[in-house]
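To start, the structure under review is shown below, and the notes come after it.
The values are calculated or read from the model by the stated rules, or taken from the named source; none is laboratory data. Everything numeric in this text was worked out from a predicted model, so none of it was measured. All Cβ positions, even for glycine, are placed from backbone atoms using ideal geometry, and neighbour counts span all protein chains on display. Accessible surface is based on the protein model in full, side chains and every heavy atom, while ligands, DNA and RNA are left aside. Shrake-Rupley method; radii C 1.70, N 1.55, O 1.52, S 1.80 Å.
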Amino acid sequence: AQSVTQLDSHVSVSEGTPVLLRCNYSSSYSPSLFWYVQHPNKGLQLLLKYTSAATLVKGINGFEAEFKKSETSFHLTKPSAHMSDAAEYFCVVRYGGATNKLIFGTGTLLAVQP
Amino acid sequence: SQTIHQWPATLVQPVGSPLSLECTVEGTSNPNLYWYRQAAGRGLQLLFYSVGIGQISSEVPQNLSASRPQDRQFILSSKKLLLSDSGFYLCAWRHSGGGETQYFGPGTRLLVL
């Protein structure tokens, strides 16, 4: 069965410092993994996705994530946080074949301090 | 380009009242459509998905139902709301011809009092 675990419910960083949001997955086969971002009272926006191509995936707004099969991880990083990065981030694994069901992590709330 | 709309944006309803939330997609044909609920402090839970008109699959037993009367319209309903129905409801679509990415609407915030 597929699942994702976001290891931190809250992360706080200072503006200009690196961001690390951790995600571990469980999948019985090669997974497709996504990171979505949700700003307050808004819908979800796709940041990036991994679908068995390059293990280092670059997304929008300077974010990237590295798929590490040996560690079953898909951590999200950004070299330098910006105030506008403050939002909730969801790690997602796909399952369900043709129906393309998604399983969401519980989310990590990122706070960026000035 | 494709866009997805949801309305209303916010809704406050008394317990026991009916519910109808609407989701429409523009710029694509025969999309796969999804309804999710996000409860406070939790991730998203898939409620329903549809691969075509009149075809609805339910993921969890609950007080809600879904319908797809038109190709690009997806409706979430309830006959009698419960307090536990409060949450943020998100609609999403995906290309039926392939591709794994789901694209989300702006959501509806529902508060049941």
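Rounded to the nearest percent, how much of the accessible area of the range B:1-110 (1.4 Å probe, protein heavy atoms only) is carbon and sulfur?
52 percent
Give me the accessible area buried between chains A and B, both sides summed, with a 1.4 Å probe, in Å² rounded to the nearest 100.
1700 Å²
Rolling a 1.4 Å sphere over the protein heavy atoms, what is the accessible area per residue of the range A:37-114, to the nearest Å²? Intermediate values should be presented prior to the final figure.
On the way: 3610 Å² over 78 residues.
Result: 46 Å² per residue.
Ignoring ligands, DNA and RNA, please state the percent of accessible area on the range A:1-68 from carbon and sulfur, probe 1.4 Å.
Carbon and sulfur together cover 50 percent of it.
Compute, for residue B:29, the solvent-accessible surface of its heavy atoms (probe 1.4 Å) with the complete set of protein chains present, and express it in square angstrom to the nearest 10.
90 Å²
Rounded to the nearest Å, what's the spacing between the alpha carbon centres of the range A:32-60 and the range B:47-98? Just the number, please.
23 Å
Residue A:29 accessible area, nearest 10 Å², 1.4 Å probe?
Using a 1.4 Å probe on the heavy atoms, I get roughly 110 Å².
Under 22 Å between alpha carbons, and skipping anything fewer than 8 positions from residue A:69 in its own chain: which lysines qualify?
By straight Cα distance, residue A:69 reaches A:49, A:58, A:78, A:101.
Rank these residues by their accessible area, most exposed first, probe 1.4 Å: B:109, A:94.
B:109, A:94
Considering only the other residues whose Cβ falls under 15 Å of the Cβ of residue A:92, what net charge follows from Lys and Arg at +1 and Asp and Glu at -1?
Cβ neighbours under 15 Å give a net charge of +4.
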